[in-house]
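See below for the structure under consideration.
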Amino acid sequence: MLPGGEIRESPAAPCCSESGDERKDVEEKSDVHIIALVGNEQVNEDTDNGDLPSYVSAFIEKEVGSDLKSLKKLDKLLEQMTENKMQLEEQVLTISSEIPKRIQSALKNAEESKQFLNQFLEQETHLFSSINSHLLTAQPWMEDLGAMISQIEEIERHLAYLKWISQIEELSDNIQQYLMTNNVPEAASILAYMAELDIKLQESSCTHLLTFMRATVKFWHKILKDKLTSDFEEILAQLHWPFITPPQSQAAGLSRPASAPDIYTNLETLFCQLLKLQTSDELLTEPKQLPEKYCLPASPAIILPIQVMLMPLQKRFRYHFRGNRQTNVISKPEWYLAQVLMWIGNHSQFLDEKIQPILDKVGPSVNARLEFSRGLMMLVLEKLAADIPCLLYDDSLFCHLVDEVLLFERELHSVYGYPDTFANCMHILSEETCFQRWLTVERKFALQKMDSMLSSEAAWVSQYKDITDVDEMKVPDCAETFMTLLLVITDRYKNLPTASRKLQFLELQKDLVDDFRIRLTQVMKEETRASLGFRYCAILNAVNYISTVLADWADNVFFLQLQQAALEVFAENNTLSKLQLGQLASMESSVFDDMINLLERLKHDMLTRQVDHVFREVKEAAKLYKKERPRCSCVLQMAVLAVAGRAGGDVPVQLGLPAPAHAQRPLPSAGAAALLLLI
């Protein structure tokens with residue numbers, strides 16, 4: 001058929017010779033022609049492999065079929081196929097005309113780029129040879145110039161060295177001239193400037209220059225310091241410094257200089273001049289430090305005027321509390337601790353009223369009273385560090401020392417506002433050997449106290465048994481004394497400088513709680529047969545009270561901080577599971593949870609025993625009435641009262657556990673309910 005014949009002839013290749021590009025265009029045209037839309041359907045690419053006749057047959061069969069009337073569609077199909085063929089030929093011609101132009105353009109660009117590259121390579125070769133030639137020519141000049149530059153740099157270093165020496169000598173001459181004219185303030189100012197230059201020179205490698213600068217600063221610093229210190233001590237002597245008497249008896253002494261304002265003017269002048277020597281004094285004076293094992297916090301040096309004011313007190317302290325003096329008694333630490341507190345109290349008013357305004361005027365943010373206290377505190381720390389090794393293994397002396405130190409620290413912080421961030425006695429007690437001994441002694445005396453409180457005749461009696469409003473929980477004396485003991489231990493260690501030390505004390509407290517719980521359990525087992533007896537109920541009240549107090553402590557800020565510190569320690573050591581760490585971090589648990597759970601379990605066991613006992617007693621009392629129903633409730637009440645009578649009294653009064661609002665006697669009510677079930 002005609003349409004089929006045309007479709008077969010379309011992929012035929014021409015016989016004439018053609019170039020590769022033209023052949024490619026013809027092939028592309030044939031492929032495009034094959035995939036033309038015939039009847040709005042696409043011919044598959046497989047038609048090249050022999051499927052075209054079958055496709056054409058299928059297409060004719062579909063469009064015409066066996067109906068002869070459908071032959072009318074052939075003209076329309078032929079036109080449609082011819083139109084598609086023309087469109088495809090136009091597309092092929094367009095593509096075949098554009099591609100060669102693009103290829104020619106790309107080849108042209110490549111050729112031009114190749115020419116440019118060749119030119120650049122020629123230029124590079126020329127430049128390389130020129131540079132090498134220039135370097136060879138300039139090499140002698142460079143060597144000569146490098147030698148000259150080195151000489152110039154060396155001369156500049158020598159010149160700078162000489163300038164430094166000249167400047168130092170000039171400053172030294174100026175200080176000498178000012179001292180000859182008695183102009184001490186200017187001399188002190190120049191010395192302060194020299195000290196700053198000394199600090200700047202520390203990065204230099206000129207060791208001889210550094211030595212010369214340091215020697216010059218040291219020379220003039222000693223002269224000025226000695227002169228100013230002598231004059232300052234004279235002024236202080238006129239003010240009757242140091243104040244040995246209490247503040248009440250100083251009123252007359254402090255009021256006398258008011259008629260001579262020159263004394264306070266000179267005091268301020270000399271104080272400010274000594275402050276100017278602070279920088280040079282820190283350069284030249286090596287601060288006294290205790291061994292690193294005490295882990296004292298870093299702190300700046302005490303300002304020079306306060307150091308001068310502390311000198312007479314330091315002499316007194318060393319005289320009385322060192323060597324073979326009668327006042328240097330190792331068993332009496334309260335003597336030197338009380339003396340230091342008294343000195344701080346005696347001088348606080350003068351420091352606040354006379355010295356602090358001078359510091360505020362000069363500018364440095366320094367608290368005169370704290371500087372004074374810090375200087376005296378170093379005497380105490382040195383004394384403690386020397387005495388503690390001598391009494392470390394004497395329990396009574398060591399315990400007495402710790403008690404006195406804690407009292408001293410409490411008054412120092414609360415009365416005189418000494419900050420916790422400064423070095424204090426707790427750093428000495430936190431030293432490893434001393435701290436472990438402290439823990440041992442604390443545990444020993446706590447266990448002794450527990451023995452005495454449990455063996456006391458009033459151990460199971462409430463202190464407030466006669467006061468109904470106060471004694472709601474009916475806490476026995478031993479439990480209240482034990483919790484007071486734990487509270488005292490908390491007060492003793494809460495000012496320790498590091499969280500790790502506090503956590504060790506917390507573990508001690510938890511061990512004591514567990515030990516006390518075990519002791520209560522032992523006593524409880526002895527009273528098991530009388531589970532409604534007085535002592536059994538007292539033990540139950542004690543367990544309930546301790547558990548309640550520990551739960552309250554868990555919300556205390558101090559123990560919450562310890563919980564956070566414990567979380568960090570456990571996270572570092574990987575001693576807890578992720579779940580436990582998460583509970584600690586989210587505050588779902590507390591540091592006392594283990595102890596509280598054990599106490600609650602003991603309380604539950606004791607209550608279970610009591611309930612079982614009540615049920616047994618009620619069952620025994622109800623056996624007489626099991627076969628006949630009582631005509632009134634009096635019989636039931638008599639049975640319950642009989643159980644309570646055999647239990648040894650009014651059971652609910654002995655129990656300090658909270659009862660429901662509608663039931664004043666919870667246990668007999670439970671027994672009555674059991675009796676009703678049995679009848």
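The values are calculated or read from the model by the stated rules, or taken from the named source; none is laboratory data. Remember, it's a predicted structure, so these values are computed and weren't measured experimentally. Note: ideal-geometry Cβ built from the backbone for every residue, glycine included; neighbour counts use all protein chains shown.
Which residue is modelled with the lowest pLDDT, if the candidates are limited to region 40-56 and must be surrounded by 12 or more Cβ atoms within 10 Å (Cβ to Cβ) and either of a type in the set (S, T, N, Q) or outside the structural domain of Asn84 (by TED's automatic domain parsing) (or both)?
Out of the qualifying residues, it is Asn44.
Which of the residues that make up region 411-426 are among the charged types (D, E, K, R) and modelled with pLDDT of 95 or more?
Glu411
Would you be able to say whether some residue in region 121-138 is modelled with pLDDT of 90 or more, surrounded by 10 or more Cβ atoms within 10 Å (Cβ to Cβ) and β-branched (Val, Ile, Thr)?
For region 121-138, residues modelled with pLDDT of 90 or more, surrounded by 10 or more Cβ atoms within 10 Å (Cβ to Cβ) and β-branched (Val, Ile, Thr): present.
Need pairs with beta-carbon distance below 9 Å; first residue in the same structural domain as Asp605 (by TED's automatic domain parsing) and touching a residue at least 60 places away in the same chain (Cβ under 8 Å) and within region 509-522, second of a type in the set (Lys, Arg) and part of a helix (DSSP H, G or I); sequence gap 6+ or separate chains.
What qualifies is Asp511/Arg443; Leu512/Arg443.
What about Tyr416, is it among the hydroxyl-bearing types (Ser, Thr, Tyr) and touching a residue at least 60 places away in the same chain (Cβ under 8 Å)?
When the stated conditions are applied, Tyr416 passes them.
Considering only region 537-558, state which residues are in a helix (DSSP H, G or I), without any contact (Cβ under 8 Å) to a residue 40 or more places away in the chain and not aliphatic (A, V, I, L, M).
Asp552, Trp553
Is there any pair with a first residue in region 59-85 that is outside any helix (DSSP H, G or I) and a second that is of a type in the set (S, T, N, Q) whose Cβ atoms are under 9 Å apart and which are 6 or more apart or on different chains, and what are they?
Pairs that qualify, where the first residue is outside any helix (DSSP H, G or I) and the partner is of a type in the set (S, T, N, Q), are Val64/Ser70.
From the list Glu334, Glu371, Glu353, exactly one residue is out of contact with any strand residue (DSSP E or B) (no Cβ under 6 Å at 6 or more places or on another chain), in a helix (DSSP H, G or I) and under 22 Å from Glu442 (Cα atoms). Which is it?
Glu334
Look at region 157-204 and say how many of its residues are under 19 Å from Leu275 (Cα atoms) and not in a loop (DSSP other than H, G, I, E, B).
Residues meeting the conditions: 19.
Here are the criteria: (1) at pLDDT below 90; (2) within 35 Å of the chain's Cα centre (by Cα). Tell me which single one Arg492 does not satisfy.
Failing condition for Arg492: (1).
Being charged (D, E, K, R), surrounded by 14 or more Cβ atoms within 10 Å (Cβ to Cβ) and at pLDDT below 90 is the filter here; which residues of region 466-489 pass it?
Within region 466-489, Asp471, Lys474 meet the criteria.
Enumerate the helices (runs of 4 or more DSSP H) found wholly within region 205-324, keeping only those where 1 or more residues are surrounded by 14 or more Cβ atoms within 10 Å (Cβ to Cβ), assigned by TED's automatic domain parsing to the domain that holds Leu370 and modelled with pLDDT of 95 or more.
Because the criterion is at least 1 residues that are surrounded by 14 or more Cβ atoms within 10 Å (Cβ to Cβ), assigned by TED's automatic domain parsing to the domain that holds Leu370 and modelled with pLDDT of 95 or more, the helices (runs of 4 or more DSSP H) in region 205-324 that meet it are 304-321.
Within region 408-431, track down each residue that is assigned to a helix (DSSP H, G or I) and closer than 19 Å to Glu382 by Cβ.
Phe408, Glu409, Leu412, Cys425, Met426, His427, Ile428, Leu429
Could you figure out which of (1) free of Cβ contacts under 8 Å to residues at least 60 places away in the same chain; (2) within 25 Å of Lys222 (Cβ to Cβ); (3) touching a Lys or Arg at 6+ places or on another chain (Cβ under 7 Å) isn't true of Phe398?
(2)
Residue check: is Gly345 surrounded by 15 or more Cβ atoms within 10 Å (Cβ to Cβ) and either touching a residue at least 40 places away in the same chain (Cβ under 8 Å) or among the small types (Gly, Ala, Ser) (or both)?
yes
Looking only at region 414-441, how many residues end up being under 20 Å from Gly345 (Cβ atoms) and polar (S, T, N, Q)?
Within region 414-441, residues that are under 20 Å from Gly345 (Cβ atoms) and polar (S, T, N, Q) number 2.
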